[in-house]
Amino acid sequence: MNPYVAEFIGTGLLLLLGSGVVANMVLPQTKGNNSGWLVITTAWGFAVFTGVVVAGPYSGAHLNPAVTIGLAMAGKFDWALAPGYIIAQVIGAGIGAFLSYVVHIDHFKASTDAGEIAAPFGTSPAIRNLKNNFISELIGTFVLIFVILYITGATIEDANQTPIGLGSVGALPVAILVWVIGLGLGGTTGYAINPARDLGPRIVHQLLPIKGKGSSDWAYAWVPIVGPIVGAALAAVLYLLVGS
């Protein structure tokens, strides 16, 4: 599989399932309505697992421009490939969110609340304070990228220096990492920690003719884009300073 196609498909799966769990939780008359934060964070973690399993062998499964930028700054990824990866991620995220909309279309139609309708497409703060919201996204993404740099740098070898393959289970550490970030740091902003996860679906929300959908809140949209990029950059700098 072409690595750009892998990033597109992997990020699409991530958003199909991630946007899907939000829709299942917030939209009226679903069987998962009001099932709670633990359901959302768990599903997002395993949505990451799903995307990484598919894309990992072909692209490294970044699925996130912040990961791409962080790895490139740390010298673990070719900058020349970064624009193509990021474009594929944003488009894949938008398509994944659109497919989630298709699955839940009757429930979108049943909602009269603009906030409910917007939630599966993009993040929003629990308390709107753009400076603090930005810091929340920065710190959450810093943790994500800093730990990923150590996950990708680690090797498990036996006495004969033969790598021990974990197969698809090798995707589990990043899934657990995203899960715990959601549980520990995600309640302030909905923890985008991924510019593509927010930007692609927000564009889809803007374009879809959903009755009563309200604003796509572009005044806030810079926070889940710039915050994760700055957090990724700081994580890469610290990684280079303290050593791998």
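Laboratory data are not the source of any read-out in this text; all were calculated from the coordinates shown. It should be emphasised that the depicted structure is a prediction, and the values quoted were computed from it without experimental measurement. Methodologically, a virtual Cβ is constructed for each residue, glycine included, from the backbone with ideal geometry; neighbour enumeration extends over all protein chains shown.
For LEU240 and LEU208, FRET efficiency with R0 = 45 Å and r from the beta-carbon atoms, rounded to 0.05?
About 0.60, to the nearest 0.05.
Along the charge dipole of the chain, pointing to its positive end and built from +1/-1 on Cβ of Lys, Arg, Asp and Glu, which listed residue (ASN2, LEU199, ALA232) has its Cα farthest out?
LEU199
Report the Stokes-Einstein translational diffusion coefficient (µm² s⁻¹, integer) for region 1-71, Rh taken as the Kirkwood radius over Cα pairs, at 25 °C with viscosity 0.890 mPa s.
Answer from the Stokes-Einstein relation: 193 µm²/s.
Working out 0.36 nm times the residue gap between ILE127 and ALA110, then minus their Cα-Cα distance, what length gain in nm do you get to one decimal?
3.5 nm
Work out how much length LEU183 to VAL102 would gain on full extension: take 0.36 nm times their residue separation and subtract the Cα-Cα distance, in nm to one decimal. Spell out each step's value before the answer.
Details: separation 81, 0.36 × 81 = 29.16 nm, distance 2.81 nm.
Taking 0.36 nm per residue and subtracting the Cα distance, the gain is 26.4 nm.
What's the center-to-center distance, using Cα atoms, between region 79-115 and region 27-78 in Å?
About 13 Å separates the Cα centre of region 79-115 from the one of region 27-78.
So for GLU7, GLU116, fewest C-beta neighbours within 10 Å to most, what's the order?
Ascending number of Cβ neighbours within 10 Å: GLU116, GLU7.
What number results when the radius of gyration of the chain, computed over Cα atoms, is divided by 2.2 N^0.38 Å?
Normalised Rg, Cα atoms only: 0.99.
Over the chain, calculate the relative contact order: mean separation of alpha carbon pairs under 8 Å at least 6 apart, over the residue count, as a percent.
Numbers: 421 pairs, mean separation 73.5, N = 244.
Relative contact order comes out at 30 percent.
For TYR239, TYR150, what ranking results if the residue with the fewest other Cβ atoms within 10 Å of its Cβ goes first?
Fewest to most other Cβ atoms nearby, the residues stand as TYR150, TYR239.
What longest region of the chain stays clear of trypsin sites (Lys or Arg not before Pro) that DSSP places outside H, G, I, E and B and that have at most 10 other Cβ atoms within 10 Å? Each step should come with its number before you reach the end.
On the way: sites that count: LYS31, LYS211.
The answer is 32-210.
Can you work out ³J(HN,Hα) from phi for every residue in region 234-239, in order, using Karplus 6.51 cos²θ - 1.76 cosθ + 1.60 and θ = phi - 60°, giving whole Hz and x for Gly and Pro?
5, 5, 5, 4, 4, 4
Could I have the simple spin-label model distance between THR30 and MET1, label points 7 Å from Cα toward Cβ, reported in nm to one decimal?
The two pseudo-label positions are separated by 2.4 nm.
Hey, could you pull the Cα Rg and Dmax for region 99-139, both in Å?
13.6, 37
For region 114-126, what does the Karplus curve 6.51 cos²θ - 1.76 cosθ + 1.60, with θ = phi - 60°, yield as ³J(HN,Hα) per residue in whole Hz, taken in order and with x for Gly and Pro?
Once θ is set to phi - 60°, the couplings for region 114-126 become 4, x, 4, 5, 6, 4, x, 9, x, 7, 8, x, 5 Hz.
By how many nm would the segment from VAL226 to ALA80 grow when fully extended, if each residue of separation counts as 0.36 nm and the alpha-carbon distance is taken off?
So the extension gain works out to 50.5 nm.
Run the quick spin-label model on TRP218 and LEU38: label points 7 Å from Cα toward the beta carbon, then report their separation in nm to one decimal.
For TRP218 paired with LEU38, the spin-label model returns 4.1 nm.
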